[in-house]
1. What part of the accessible area of the stretch 271-359, given as a whole %, is carbon or sulfur when the probe is 1.4 angstrom?
2. Provide the packing ranking of 522-531, 455-464, 87-96, i.e. peptides ordered by the mean count of other C-beta atoms within 10 Å per residue, highest first.
3. In nm, what is the difference between 0.36 nm times the number of residues separating R530 and K471 and their Cα-Cα distance?
4. Go ahead and run the numbers for FRET between H499 and L319, Cβ-Cβ distance against an R0 of 45 Å, rounding to 0.05.
5. Would you mind working out the accessible area per residue for the stretch 438-484, using a 1.4 Å probe, and quoting it in Å²?
6. In the stretch 79-194, carbon and sulfur make up what percent of the accessible area (probe 1.4 Å)?
7. Tell me the Kirkwood radius of the stretch 406-499: reciprocal of the mean inverse pair distance over distinct alpha-carbon atoms, in Å.
8. Could you check the simple spin-label distance between Q507 and C452, using points 7 Å along Cα→Cβ, in nm with one decimal?
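The values are calculated or read from the model by the stated rules, or taken from the named source; none is laboratory data. What you see is a predicted model; the values in this text were computed from it and never measured. Quick reminder, even Gly has a Cβ in these numbers, built from the backbone with ideal geometry, and neighbours come from all protein chains shown. Accessible surface areas use protein heavy atoms only, side chains included; no ligands, DNA or RNA. Shrake-Rupley method; radii C 1.70, N 1.55, O 1.52, S 1.80 Å.
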Amino acid sequence: MPRKKEVQALQRLCLENVAGNMSCLWLKDYADKYLDEYHFRYIMGPFSELAGSVVQELLQLMGQSGRLTRPMLHLLLVPHLTQLSLSTCPKLVTKAIADIITVRCKNLSSLDLRGCSRIPADSLVDLAEILPGLTKLNLSGTQCNTAVLSAVGSSCRRLRELDVSACARLSGASLLYLAYDPIAGAFCCPALQALAASDLEPSASSQDLLWSLVFLLLALPSLKSLASSLVPDAVCLVHHQEFGGAQIPPEFPSLEELARRHRAPSFTGEGSAKLTLPLREMLEVSEDSLPAICAACPHVARATVILEDGPAKGKSPLLSWHRLAHLTLSCQGNRHLGELLPLATAQGSQLQTLSLGGFSLEDPLSFPTLLSRCPNLRELSASFCAPQLPGWHWEPLANGDGGLDVSLVPLDKFPRLRAFRLILAASDAPLPSPHSAVLSATLLSLLRNSPCLETLELIHVPFPLDGLLQKALETPGTPLAHLHKVSLAHSQVSAQTAHLLLSSENQLGHLDLQGCPDVTRGDHDQLLRRVHRERMDLLVLWR
């Protein structure tokens with residue numbers, strides 16, 4: 001990929017040579033006046049000699065800055081482009097531009113038309129038919145309809161990724177044509193791995209959409225990701241093979257027929273054939289549907305699970321997902337964090353991202369213990385509630401450890417951790433001193449042992465952070481040298497520690513001190529003056 005400075009230089013050249021001289025001003029006026037009639041399809045501009053990746057990045061920068069015009073866009077549509085994204089300039093993209101793409105850009109493997117709602121459906125059909133080599137296509141927010149999906153399914157045999165979210169002209173039945181061509185009697189899109197089909201309502205009833213998703217799950221052999229709020233329900237129907245209420249048009253194979261052709265060779269104890277799906281991603285899964293979904297989708301690597309109130313019931317079905325690498329778990333504050341320790345013991349070493357929401361810290365050692373079993377995390381986000389301890393009377397102790405030996409905190413290195421976020425839910429009850437001591441020691445150990453940390457967010461932390469951060473920054477070597485974003489919002493931290501962060505060797509570009517009770521307006525003004533005086537590229541937030 002070209003360096004950003006090189007592309008910015010090319011951008012300036014484009015603006016000077018294309019928009020600055022009289023001939024191109026005439027071209028702009030002519031194009032604006034006769035946009036639907038002008039015949040620029042075969043005119044080549046000054047960018048035909050540039051690498052396609054340079055042209056694409058130049059187009060992105062100009063679109064984001066709002067300085068791209070239709071004549072410039074026309075000249076940037078060069079034949080050797082293999083990737084084209086017009087999502088930064090959707091208002092400029094019309095039928096005329098789509099027609100130019102069909103003539104000029106026949107080598108595209110990736111096309112992003114997100115939000116380009118001015119392209120009519122028939123032009124989208126032409127694009128699909130003229131670009132059989134597409135492997136990635138984004139049509140979200142466009143006029144995509146059934147005819148477009150039929151063309152995509154029949155023509156784009158190599159397609160691996162497709163996004164048709166927020167397409168108001170699509171119905172549930174429209175999705176069937178993506179997987180099967182009723183005229184040819186053949187299945188389509190055999191290579192499709194990722195399909196996003198969210199926000200298609202209200203053009204289709206949820207029941208029609210549900211059965212269409214079941215059809216896709218059974219008809220697309222390579223599908224690993226299907227984005228729709230109804231996917232968990234569809235997977236449960238596949239697992240139980242409950243197809244009695246399905247209304248599939250007669251020109252398409254029935255769900256029973258698809259199930260027979262999809263069955264795995266293994267069998268359950270009852271002797272019935274077992275259906276498994278190749279999905280690698282399951283989002284917004286309820287806890288009660290986990291057993292069926294884990295059985296139907298054994299290869300899941302990314303999951304979002306919403307837990308029920310009350311303690312866990314038996315062994316977690318999540319233990320069967322041996323490839324799990326990205327996990328989000330959320331609850332309403334009635335689940336103890338310690339319940340996750342068996343899962344962390346079994347699969348923690350393979351987790352790359354972990355997000356925990358609403359758990360209660362009943363056992364002060366549960367958090368550091370869980371962390372110690374997830375040494376390869378790249379991102380960690382945790383939101384905790386204060387423990388509800390009956391009869392507990394909070395008394396700050398002189399040593400601040402509540403009688404607990406904080407050396408028990410069992411943390412080691414986190415060589416891959418790049419983002420850490422901790423939120424303590426606002427509460428009238430303070431965090432008991434043993435919990436504060438262990439959590440403080442845990443944070444200090446984590447900061448000292450995360451050499452690649454780039455983002456640090458400590459929000460609503462109910463104990464002073466000054467000493468903790470100062471000790472972390474005084475660690476021998478160059479601790480937190482890659483730190484770029486720090487948020488200490490609504491936490492107990494002073495301006496002195498903020499100045500220490502500014503003085504340390506790091507890459508700090510964002511410091512959030514909003515809601516910090518110990519940082520005054522005068523402190524904020526002083527920080528801003530220092531940033532200006534030392535010419536730091538740093539944003540400081542406070543109020």
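1. Numbers: 2000 of 3740 Å².
Reported share for carbon and sulfur atoms: 54 percent.
2. 455-464, 87-96, 522-531
3. Details: separation 59, 0.36 × 59 = 21.24 nm, distance 2.32 nm.
Fully extending the segment from R530 to K471 adds 18.9 nm.
4. Working: r = 48 Å, r/R0 = 1.06.
For R0 = 45 Å, the calculated efficiency reads 0.40.
5. Spelled out: the 1.4 Å probe surface of the stretch 438-484, per residue, equals 37 Å².
6. The value for the stretch 79-194 is 49 percent carbon and sulfur by accessible area.
7. Numbers: mean 1/r = 0.0726 Å⁻¹.
Taking the inverse mean of 1/r over all distinct Cα pairs, the stretch 406-499 comes out at 13.8 Å.
8. Label-label distance for Q507 and C452, simple model: 1.2 nm.
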